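The values are calculated or read from the model by the stated rules, or taken from the named source; none is laboratory data. Just so we're clear, the structure is a prediction, and the values are computed from it rather than from any experiment. Because the Cβ atoms are built from the backbone with ideal geometry, glycine has one as well, and the counts that use them run over all protein chains shown.
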Amino acid sequence: MTPIVTRLTLLTALAVVALAPTWAAAQSAPAPTGDPLKGAQKVQMCQGCHGIVGWRTAYPEVYRVPKIAGQHPPYIVAALKEYREGQRHHPSMDAIAASLTDQDMLDIAAYYSQSPLQTAVK
Ligand code: HEC
């Protein structure tokens with residue numbers, strides 16, 4: 001008897017611990033927010049295309065890439081979700097967005113929104 005009760009108590013305690021952060025997050029912020037410092041660690045795979053002077057990339061040929069630094073976070077998140085959910089298509093962006101979680105998108109958006117807008121070099 002006692003071991004079962006102990007185990008149930010333990011399970012309940014674990015469930016409370018597991019759910020607490022979700023509950024706390026739902027209570028505190030009206031909308032989930034991104035962490036720009038975490039975002040900075042997640043943009044290596046973006047910078048090769050979105051982080052270069054003149055907003056061009058050179059593979060397989062030179063083409064223009066949209067400027068995302070300085071955009072509002074909801075704009076960036078919405079665009080990434082559209083690629084991930086198939087409402088918008090681009091060969092590179094579809095695959096990249098598919099690899100991102102919602103939190104990744106928020107963090108990345110927070111990072112890019114705080115990056116200074118740079119003037120494209122012509
Ligand atoms: C291989 C090059 C490449 C890489 C890598 C890449 N992108 Fe893109 N991205 C593009 C191109 C090209 C477009 C424009 C596609 C289109 O016209 O729909 C784009 C579009 C976007 C847009 C929409 C911008 C707008 O104004 O509509 C966002 C947001 C974005 N990328 C974010 C990211 C993020 C975040 C990463 C990294 C996780 C990333 N991209 C990695 C090439 C790239």
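Conditions first: (1) loosely packed, with under 10 Cβ neighbours inside 10 Å; (2) assigned to a helix (DSSP H, G or I); (3) at pLDDT 80 or above. Residue 5 passes all but one, so which condition is the exception?
Residue 5 satisfies every listed condition except (3).
Take the residues of segment 77-95 that are near the ligand (Cβ under 7 Å from one of its atoms) and crowded, with 16+ Cβ neighbours inside 10 Å: which is nearest to the chain's Cα centre (by Cα)?
Of everything passing the filter in segment 77-95, 80 is nearest to the chain's Cα centre (by Cα).
For segment 47-60, which positions are more than 6 Å from the ligand (Cβ to nearest atom) and either closer than 23 Å to residue 115 by Cα or modelled with pLDDT of 95 or more (or both)?
47, 51, 52, 53, 54, 55, 56, 58
Quick check on my filter: what residues within segment 69-98 are in a helix (DSSP H, G or I) and either over 18 Å from residue 51 (Cα atoms) or in contact with a strand residue (DSSP E or B) (Cβ under 7 Å, 6 or more places away or on another chain) (or both)? First the steps, then the outcome.
Looking only at segment 69-98, we keep the residues that are in a helix (DSSP H, G or I), and these are 73-84, 91-98.
Correct list: 74, 78, 81, 82, 83, 84, 91, 94, 95, 98.
Looking only at segment 61-76, filter to residues that are over 13 Å from residue 36 (Cβ atoms), near the ligand (Cβ under 8 Å from one of its atoms) and of a type outside the set (D, E, K, R); which one of those is modelled with the lowest pLDDT?
That would be 63.
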